[in-house]
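Participant: One structure follows; several queries about it will come next.
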Amino acid sequence: MDDELLKVEQVLLLENLTYLANKDEVMFDLATIQQNQEGDVLTVRKIVSKIEIDKLDENVDYTTLQNGEDWRNVLNAVLADDTLLDMKMIAVKKGSEKTGGTAAVFFNEKTGEVVVAFRGTEKDEWRDNFVGGAATIFEKGAENVNHDGVSTRYQEEALKWYQELDLPKLTNLEISKITITVTGHSKGGNKAKYITILDDSVSRCLSFDGQGFSDEFFEEYERRIAERACVISNHNVDFDYVNPLLNDVGEKTYYVGNGYGRGLVGEGHCPDTFLHYENGEAKMVIADGPAEIMVELDKFFNSYLRRLPEDKKIEAMDLVGELVEAFFKGEFKDGSKKITEIIDGKEEGWATVYDLATYTVDYIQKHPEFVTALENGAIEFGLDLFLPDKFGTMVVKLKKMNDLTSPKNLLNNASSLVTGIMEGTRYDDLQIPSSCRPLERNRVFNMGEMLEIGERGRSLMQVGSKACREWDRQLSRLEGLLDCLPSEVDASGLKSVLAQRGGPFYSDEYEKMGILMYSTTNRIVKDMQRYDMDAAQKINEVTENLDAITLNIKKLQERIL
């Protein structure tokens with residue numbers, strides 16, 4: 001059955017169609033095309049025919065830094081694929097402030113595969129992206145009685161829309177005969193992963209440069225994440241700056257981006273940046289991994305977030321989200337909003353600004369690898385003007401600019417921050433680089449808090465060491481089983497996990513290893529059931545033991561904290 005599913009490149013081409021926009025009477029978005037059809041079945045072939053490809057202008061930016069030439073390449077690649085052309089668009093949702101961004105449902109009658117595709121961030125969704133980096137509190141008038149405190153408004157709207165689709169009616173097939181692929185780019189990729197985690201009907205999820213989830217989300221849905229990670233795959237451009245954000249779920253594959261330069265850094269995140277073209281056919285070129293600058297930005301961002309208490313993290317994400325949304329809506333450019341007005345409107349607005357600025361300055365001073373990565377990335381995108389050796393000075397100047405700061409707010413809200421920097425006492429709890437521990441998510445260590453644990457920590461250490469020994473014993477059992485697996489079973493994921501068993505780890509790292517191990521071994525169990533029930537039972541026993549150990553370590557961690 002998997003052989004009949006669309007290839008990754010084909011799904012990505014369908015995802016690109018969700019970015020079609022109404023422009024110059026040459027291009028039209030999916031909702032407009034559907035609205036203007038004359039009652040006939042709308043296939044992908046007919047959708048593409050509504051676009052005047054020959055009139056697309058390479059000097060016009062139609063959508064998200066995709067000019068006429070970019071769109072011709074995408075549309076011609078679709079036209080070269082008969083499988084895509086014959087697919088039907090059986091549902092479409094127009095982006096709106098109430099329900100979130102554009103989404104569409106495509107159907108392959110020959111295979112029974114349904115592709116549910118979510119567009120990336122639209123103008124009303126930018127704030128929602130950043131709010132998702134912490135626990136979530138909805139604004140008045142947008143409450144949801146089912147809100148879980150860790151999901152965002154538009155994540156929940158996407159899940160609601162998906163669950164209201166009547167796929168048997170739309171496809172004229174029994175649900176058991178339908179294979180559901182959920183996909184999306186950027187915020188759409190995040191929505192696709194969110195739906196897949198919370199709804200078992202999804203057969204596979206393909207996320208393209210989609211961001212991850214907050215620590216709070218992982219804590220709330222750790223069991224669901226463990227169970228559903230095996231059907232999620234992340235496909236990321238090497239220089240994309242969105243996919244590293246927060247905590248991701250599922251396997252990752254990185255690709256060499258195409259066409260860097262015209263859109264500077266922004267072009268690293270376009271939905272067509274994945275695609276290279278050979279004789280009109282779209283290809284995706286595998287990369288060795290993420291670019292160095294993206295790895296370091298990931299460390300910086302997570303290090304900043306994890307040092308904030310929950311209330312400060314919520315305030316910071318809300319402020320940054322509102323600033324970014326105003327920027328992308330053009331509200332600063334047209335004068336309808338000012339940066340200072342937004343910051344003034346937040347109770348801790350100026351304190352948050354100073355905290356981030358001073359943290360950034362100190363981080364640059366303490367992490368030369370971050371500076372080196374910024375320098376290499378600047379050269380890659382032709383941004384030599386902003387080389388990082390000037391970056392620290394630039395941030396210091398930013399603190400003194402009259403249009404962004406206020407002496408009154410400095411004295412009232414941020415004097416302690418500046419004093420801490422001058423005395424050199426504030427940031428002794430910066431991240432420890434994670435290169436020596438693959439599962440380290442840039443944890444922030446506060447030596448004062450560690451000392452306060454005292455004797456309580458010593459006794460818990462003894463309990464934890466027993467759990468660690470049991471953990472290692474179970475891993476050794478799994479290693480012994482590897483040689484017994486039939487050649488038909490893909491054990492690459494398990495080998496990858498076992499390769500990271502070096503330590504010492506910390507309690508939450510064992511927890512994350514447990515989640516990863518749990519999903520990996522569960523997948524193998526399902527494969528093994530087709531070949532060797534006895535071996536499957538042995539692996540299942542190990543999986544259950546690992547799950548119990550993971551929960552015990554979680555409890556241990558809570559006692560320490």
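Participant: Compute the distribution of all C-alpha to C-alpha distances in the stretch 174-254, in bins of 5 Å from 0, and list the percent of pairs in each, rounded to whole numbers.
Facilitator: Answer for the stretch 174-254: a P(r) of 3, 17, 29, 24, 16, 7, 3, 1, 0 percent.
Participant: Now, a different point. Over the stretch 104-233, with every protein chain in place, what whole percent of the accessible area is carbon and sulfur at 1.4 Å, could you tell me? Walk me through the numbers before you get to the answer.
Facilitator: On the way: 2240 of 4860 Å².
Answer for the stretch 104-233 is 46 percent, counting heavy atoms of protein chains only.
Participant: OK, next. Cα convex hull of the stretch 85-184: mean projected area in nm², to one decimal?
Facilitator: 7.3
Participant: Classify the stretch 11-98 from the C-alpha gyration tensor, please: rounded if a/c falls under 1.5, else prolate or oblate depending on whether a/b exceeds b/c. Could you put the intermediate results ahead of the total?
Facilitator: On the way: a/c = 1.55, a/b = 1.18, b/c = 1.32.
Here the stretch 11-98 falls in the oblate category.
Participant: Listed here are the pairs 193/337; 23/252; 123/346; which of them are more than 27 Å apart at the Cα?
Facilitator: From the list (193/337; 23/252; 123/346), the Cα-Cα distance tops 27 Å for 193/337; 23/252.
Participant: While we're looking at this one, here's another question. For the stretch 248-360, just say rounded, prolate or oblate: build the C-alpha gyration tensor, square-root its eigenvalues into a ≥ b ≥ c, call rounded for a/c under 1.5, and beyond that prolate if a/b exceeds b/c, oblate if not. Please report the intermediate quantities before stating the final value.
Facilitator: On the way: a/c = 3.11, a/b = 1.68, b/c = 1.85.
Oblate shape, in that a/c is at least 1.5 and b/c is the bigger or equal ratio.
Participant: Go through 164, 341 and list them by solvent-accessible area, largest first, probe radius 1.4 Å. Spell out each step's value before the answer.
Facilitator: Working: 164 125, 341 105 Å².
Heavy-atom accessible area, descending, gives 164, 341.
Participant: A follow-up question, please. To the nearest 10 square angstrom, how much accessible area does residue 127 have with a 1.4 angstrom probe?
Facilitator: Spelled out: residue 127, probe radius 1.4 Å, area about 60 Å².
Participant: Counting only the heavy atoms of the protein chains, how much of residue 148 is accessible to a 1.4 Å probe, in Å² to the nearest 10?
Facilitator: We get 40 Å² for residue 148.
Participant: Can you pick out the pairs among 46/191; 283/333; 283/338 whose Cα atoms lie more than 32 Å from each other? Please report the intermediate quantities before stating the final value.
Facilitator: Values: 46/191 27 Å; 283/333 38 Å; 283/338 43 Å.
Violating the 32 Å limit, Cα to Cα: 283/333; 283/338.
Participant: What do you reckon, how do 240, 334 stack up by accessible area (1.4 Å probe), largest on top?
Facilitator: The ranking, largest first, comes out as 334, 240.
Participant: Once ligands and nucleic acids are excluded and a 1.4 Å probe is used, how much of residue 222 is accessible, expressed in Å² to the nearest 10?
Facilitator: Accessible surface of residue 222 is approximately 40 Å².
Participant: Given a 1.4 Å probe, how much area per residue of the stretch 77-178 is accessible, in Å²?
Facilitator: Numbers: 4760 Å² over 102 residues.
Per residue, the stretch 77-178 has an accessible area of 47 Å².
The values are calculated or read from the model by the stated rules, or taken from the named source; none is laboratory data. As the structure is a computational prediction, the values presented were derived from the model and not from experiment. Just so you know, the surface numbers come from the protein's heavy atoms only, side chains and all, with ligands and any DNA or RNA stripped out. Shrake-Rupley method; radii C 1.70, N 1.55, O 1.52, S 1.80 Å.
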